[in-house]
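Q: Questions regarding the structure given below will be posed in turn.
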Amino acid sequence: MNNERGQLGVLSLDLGSHTGFEIYSKGAFSRDLLDLTKKGKFGENGFYVFDCAVNGLIRVLQKNNIKQEIVVEKPHASRFFHSSRILFGLMGVLHLACHKKKIPLTEVSSKSVKKYWTGNGNADKPAMIARAKQLVSRKIEDDNIADACALMRFYLENRKEEG
């Protein structure tokens, strides 16, 4: 990734009512958690809060980097209707934001990320957190942030460079 890597900005997102994210910008990583709940539940304004947050993160990428990319785990249907509704709703908001800003969005299967990160495509949350503590920061305690870190590293290592 020679010279382009210093000009590349990537946002990785682990979608959910607590969305973990990591930004790669100017050769450095930063990460945090978006809490889209109100009083512990994903409320009616959760999609709006996510839209505002994602657009803010995109502005950071656009300000500091020549090339921007976003990567997210592929959503999968859950047997729990409410969880699936949230996940696919967030995905719709993200697709729209990427389309408006003309930023490529890549979807990666969670099995691929887990296998890359832990060696086990069915790794559980504690295994993902343990690996993030080992490879990224001992301060990582949240599985959503750990997943965003794993997704970022997987993407940076496996992305196809343009031309």
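Values quoted throughout were computed directly from the atomic coordinates according to the rules given, and no laboratory measurement underlies them. Not measured: the values here are computed from a predicted model. Reconstructed Cβ throughout: ideal geometry from the backbone, glycine too, with neighbour counts over all protein chains shown.
Q: Run the quick spin-label model on K74 and K160: label points 7 Å from Cα toward the beta carbon, then report their separation in nm to one decimal.
A: Each label point is offset 7 Å from its Cα along the Cβ direction, giving 1.5 nm.
Q: What is the magnitude of the charge dipole of segment 67-139 about its Cα centre, with +1 placed on the Cβ of each Lys and Arg, -1 on the Cβ of each Asp and Glu, and no other charges, expressed in debye to the nearest 20? Please list the in-between numbers first.
A: Details: 15 positive and 4 negative charges, 40 e Å.
It works out to roughly 200 debye.
Q: Among V108, F29, T118, which residue has its Cα positioned farthest towards the positive end of the charge dipole of segment 3-158, with +1 placed on the Cβ of Lys and Arg, -1 on the Cβ of Asp and Glu, and the dipole taken about the Cα centre?
A: Result: F29, furthest along the dipole toward the positive end.
Q: In segment 12-111, what chymotrypsin sites (Phe, Trp or Tyr not before Pro) fall in a loop by DSSP, with at most 15 other Cβ atoms inside 10 Å? If you can, show how the numbers build up before the last one.
A: Details: sites: F21, Y24, F29, F42, F47, Y48, F50, F80, F81, F88; in loops: F80.
Within segment 12-111, the qualifying chymotrypsin sites (Phe, Trp or Tyr not before Pro) (loop, at most 15 other Cβ atoms within 10 Å) are F80.
Q: Within segment 31-83, report the GluC sites (Glu not before Pro) that DSSP leaves as loop and that have at most 11 other Cβ atoms within 10 Å.
A: E44
Q: Let's see if you can work this out: charge +1 on each Lys and Arg Cβ, -1 on each Asp and Glu Cβ, no other charges. What is the dipole magnitude of segment 3-158 about its Cα centre, in debye to the nearest 20?
A: Details: 24 positive and 16 negative charges, 23 e Å.
Using Cβ point charges on Lys, Arg, Asp and Glu, segment 3-158 gives about 100 debye.
Q: Something else: Using Cα pairs under 8 angstrom and six or more residues apart, how large is the relative contact order of segment 3-158, in percent?
A: Numbers: 256 pairs, mean separation 42.8, N = 156.
This gives 27 percent for segment 3-158.
Q: Continuing with this model, one more query. For the chain, which longest stretch is free of loop sites, where a loop site is one of the trypsin sites (Lys or Arg not before Pro) that DSSP puts outside H, G, I, E and B and that has at most 16 other Cβ atoms within 10 Å? Intermediate results must be reported in sequence, preceding the final value.
A: Details: sites that count: K26, K39, R79, K102, R138, K139, R159, K160.
With trypsin sites (Lys or Arg not before Pro) excluded where exposed in loops, the chain gives 40-78 as its longest stretch.
Q: Follow-up. Return the inverse of the average 1/r over all pairs of distinct C-alpha atoms in segment 8-163, which is the Kirkwood hydrodynamic radius, in Å to one decimal. If you can, show how the numbers build up before the last one.
A: Values: mean 1/r = 0.0635 Å⁻¹.
Final number for the Kirkwood radius of segment 8-163 is 15.8 Å.
Q: Nearest 5 is fine: what % of DSSP beta bridges in segment 3-158 come out antiparallel, could you say? Kindly include the intermediate steps, with their values, before the conclusion.
A: Numbers: 15 of 25 bridges.
Here the antiparallel bridges make up roughly 60 percent for segment 3-158.
Q: Taking 25 Å as R0, compute the FRET efficiency from the Cβ-Cβ separation of Q134 and D35 and round it to 0.05.
A: Numbers: r = 26 Å, r/R0 = 1.03.
It comes to 0.45.
Q: Let me ask something else. Under 10 Å, Cα contacts only: if you run a Gaussian network model on the chain, which one of V113, V71, V49 comes out with the highest mean-square fluctuation?
A: Result for the chain, Cα springs under 10 Å: V49 fluctuates most.
Q: While we're here: Looking at this model, which pairs from K100/K139; K111/K160; K41/K74; K26/K139; K102/K139; K67/K115 are more than 30 angstrom apart at the alpha-carbon? Could you put the intermediate results ahead of the total?
A: Values: K100/K139 35 Å; K111/K160 19 Å; K41/K74 23 Å; K26/K139 22 Å; K102/K139 34 Å; K67/K115 28 Å.
With Cα atoms farther than 30 Å apart: K100/K139; K102/K139.
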